[in-house]
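Peer 1: One structure is given below, represented as structure tokens, and several questions about it will come after.
The values are calculated or read from the model by the stated rules, or taken from the named source; none is laboratory data. Fair warning: this is a prediction, and the values are worked out from it, not measured in the lab. No Cβ is skipped: glycine too gets one built from the backbone with ideal geometry, and neighbour counts run over all protein chains shown.
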Amino acid sequence: MIATVTLNPSLDKTLTVHGLVIDEVNRWTTFRHDPGGKGINVSRVVHELGGETIAYSFIGGDDGEIMGRLLRREGVTFDFVPIRQAIRSNIIITDIKTRQQTRIGAPGPRISQVELQRLKSKLRNIESKPGFIVFAGSVPPGIPDDIYRELIEKAKARKIKTALDTEGIWLKKGVEAKPNLIKPNVREAEQLLGMELKDEKAIIKAIYYFLNQGIEVVTISRGKDGLLAATRGQAVKAVPPRVKIKSSVGAGDSAVAGLVLKLSQGASLEEACRLAVAAGTATVLTPGTRLCHRQDVEKLLPMVRIELVTP
Ligand SMILES: Nc1ncnc2c1ncn2[C@@H]1O[C@H](COP(=O)(O)OP(=O)(O)OP(=O)(O)O)[C@@H](O)[C@H]1O
Ligand SMILES: [Mg+2]
């Protein structure tokens, strides 16, 4: 069982146009709604891959209702705290002609003290002990920057494993609690370390730096080049086959889902990295905000190249 926590959920609205013209009336050719927010995406991928999951988050407004309905239809179990303000809604415009993608993000709703307390109380009362709690994504206004540190410390005190996938100040403060697993991408890791990671050697060095801080599983993902990961015992490089990219939205979240699902089942780091890369790459094959399909993941699994890395 994988629990996820999404402090800033969204309803993503993806539309495609054929040649976007600014300052003109455009017509969309396809339009869809998808539940968004990184933890929720992790839950959706765990569910797609046949794992058990529960998503914790906030819900509010008409878009919140649509998000809940879509998750129910997908069969993803969730437990959301109702909030006064509406959840955010991201708009993604894909131009089929130029293959350009324009994203219009929204600030999150302001979460009140009481609303945050209600979410904390749900997390305190998680019944069946999850294999991992995954904390993922940005933190909306009203919630302190060090929230992940607090939530990770609390989970660890109850012997629940934690994974953190966020960026900037939230990642910086969150890692102080030494989550069991982190998966920044190269850019996020560079920001966290305040230095450039220009090649594989530099990335491996960065991974060992985090391991020495007390994080058990450190993964740094690198888009089309797959990922590098290590525990105290071994280091692994996992590389996907070359694929035709439709949209990379949610690739990282899918990789996190693959990692925690396998590790929670007691699989090796190699097997976890294989599934992580297959799931991430399968998500790249689907358009817009759509995540991976299980058949694609299964097809890609044997195509992922795994190498042992010597530090
Ligand atoms: N262009 C690509 N081709 C093949 N696989 C890809 C590509 N981009 C991403 N992936 C797959 O997805 C995984 C995660 O991708 P990435 O490093 O881009 O994560 P991220 O930056 O955290 O993404 P997100 O925006 O979802 O947070 C990679 O390890 C790889 O398996
Ligand atoms: Mg990411």
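Peer 1: Looking at the structure I just gave you, is E200 surrounded by fewer than 18 Cβ atoms within 10 Å (Cβ to Cβ) and either under 18 Å from R305 (Cα atoms) or of a type in the set (G, A, S) (or both)? Step through it out loud before you land on a result.
Peer 2: Working: surrounded by fewer than 18 Cβ atoms within 10 Å (Cβ to Cβ): yes; either under 18 Å from R305 (Cα atoms) or of a type in the set (G, A, S) (or both): yes.
Yes, satisfied.
Peer 1: Can you pull out the residues in the range 164-178 that are away from ligand 2 (no atom under 12 Å from the Cβ) and among the hydrophobic types (A, V, I, L, M, F, W, C)?
Peer 2: I169, W170, V175, A177
Peer 1: Follow-up question, since we're still on this one. Among the residues of the range 119-146, count how many are closer than 22 Å to L259 by Cβ and either in contact with a strand residue (DSSP E or B) (Cβ under 8 Å, 6 or more places away or on another chain) or not in a loop (DSSP other than H, G, I, E, B) (or both).
Peer 2: Matching residues across the range 119-146 total 10.
Peer 1: Which of the residues belonging to the range 1-17 are surrounded by fewer than 24 Cβ atoms within 10 Å (Cβ to Cβ) and either on the phi > 0 side of the Ramachandran plot or at pLDDT 95 or above (or both)?
Peer 2: Listed by number, the residues that qualify are M1, V17.
Peer 1: Return only the number of the condition from (1) crowded, with 24+ Cβ neighbours inside 10 Å; (2) within 15 Å of the chain's Cα centre (by Cα) that V284 does not satisfy.
Peer 2: (1)
Peer 1: Looking at (1) more than 15 Å from ligand 1 (Cβ to nearest atom); (2) surrounded by fewer than 16 Cβ atoms within 10 Å (Cβ to Cβ); (3) in contact (Cβ under 8 Å) with a residue 12 or more places away in the chain; (4) among the aliphatic types (A, V, I, L, M), can you tell me which one I245 breaks?
Peer 2: (1)
Peer 1: R222 passes all but one of (1) surrounded by fewer than 19 Cβ atoms within 10 Å (Cβ to Cβ); (2) at pLDDT 95 or above; (3) out of contact with any helix residue (DSSP H, G or I) (no Cβ under 6 Å at 6 or more places or on another chain); which number fails?
Peer 2: Of (1) surrounded by fewer than 19 Cβ atoms within 10 Å (Cβ to Cβ); (2) at pLDDT 95 or above; (3) out of contact with any helix residue (DSSP H, G or I) (no Cβ under 6 Å at 6 or more places or on another chain), only one is false for R222: (3).
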